[in-house]
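Accompanying notes for the structure given below.
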Amino acid sequence: YGSSYCEMQMEWLTSTSCSLVGVLNSVGIMMSVLSMTALSLFRVTSISRTLSIPQPVSRKGGVKVCLVTGCIVSFALASSLVPLVGHFEDYFVNGLYHGSDIPLFLGAPGKKSHISILEAYYGRLRSNKALSWGLIRQLLGSMFSQDYSALPNKKVQFYGNDPVCTFKYLVRKEDPQYTYVWLSHIIQIFCFVIISVAYIVIAKVSSRSSIAVA
């Protein structure tokens, strides 16, 4: 968007291109972490054979590598695409953008702001905490049906929470994706622990082998 980015920011953050950039970024990070973990584990399991004569790669070994690689790619893709699945939008969508022609909704307000406006229009809503984005869109459609033939309802997806459309690493407890983000953090921390332990073991075994050879 160049110099017009500020004016078109919401169009970018709600676009498919923004989501695609976020998915590619997330897949790359997750694949890197999982690949390093797998390589560390392979290195640990083969450290005892480092001084032996190299053997040709067997078919079983090739299949094993392919399976591990497939699992890593599949997990990285699945975990990165989950935030974009419509069925889970209540856990990842932070707001709706209704265009710049409706002053009632500035920017991309979240559920709390939408519920406040809907309560002012319809009266107190029963169990407003359980309102889904689908129901909110339905109520908004009825609310504006006389003045707007089609109220824009563009979602600010998980990756649209950042101007450069990357993974949202910093979350507050009230954010809908709080559990998902922390689960991702835990997986990555666990992987880094495994990598660290693996290389400590490798260093100790290598040191003992060097002493034995000497």
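The values are calculated or read from the model by the stated rules, or taken from the named source; none is laboratory data. A quick note: this is a predicted structure, and the numbers were derived from the prediction, not measured. With ideal geometry, Cβ positions are generated from the backbone for all residues, glycine too; neighbour counts draw on all protein chains shown. For accessibility, only protein heavy atoms count, side chains too; no ligands or nucleic acids. Shrake-Rupley method; radii C 1.70, N 1.55, O 1.52, S 1.80 Å.
Only one of the listed residues (SER184, SER206, SER196, SER145) is open to solvent by less than 80 Å² (accessible area, probe 1.4 Å), modelled with pLDDT under 85 and in a helix (DSSP H, G or I). That residue is SER206. The number of residues in the stretch 149-180 being over 22 Å from THR16 (Cβ atoms) and either touching a residue at least 12 places away in the same chain (Cβ under 8 Å) or not charged (D, E, K, R) (or both) comes to 7. Within the stretch 88-100, being part of a helix (DSSP H, G or I), open to solvent by 50 Å² or more (accessible area, probe 1.4 Å) and farther than 15 Å from SER184 by Cβ holds for one residue alone: ASP90. Selection of first residues in the stretch 65-87 that are over 17 Å from ILE187 (Cα atoms) and of second residues that are part of a helix (DSSP H, G or I) and polar (S, T, N, Q), restricted to Cβ pairs under 7 Å at least 6 apart or on distinct chains, gives the following pairs, ordered by first then second residue: LEU84/SER19. Looking at ALA108, ALA76, just one residue is part of a loop (DSSP other than H, G, I, E, B), surrounded by 11 or more Cβ atoms within 10 Å (Cβ to Cβ) and small (Gly, Ala, Ser), and that residue is ALA108.
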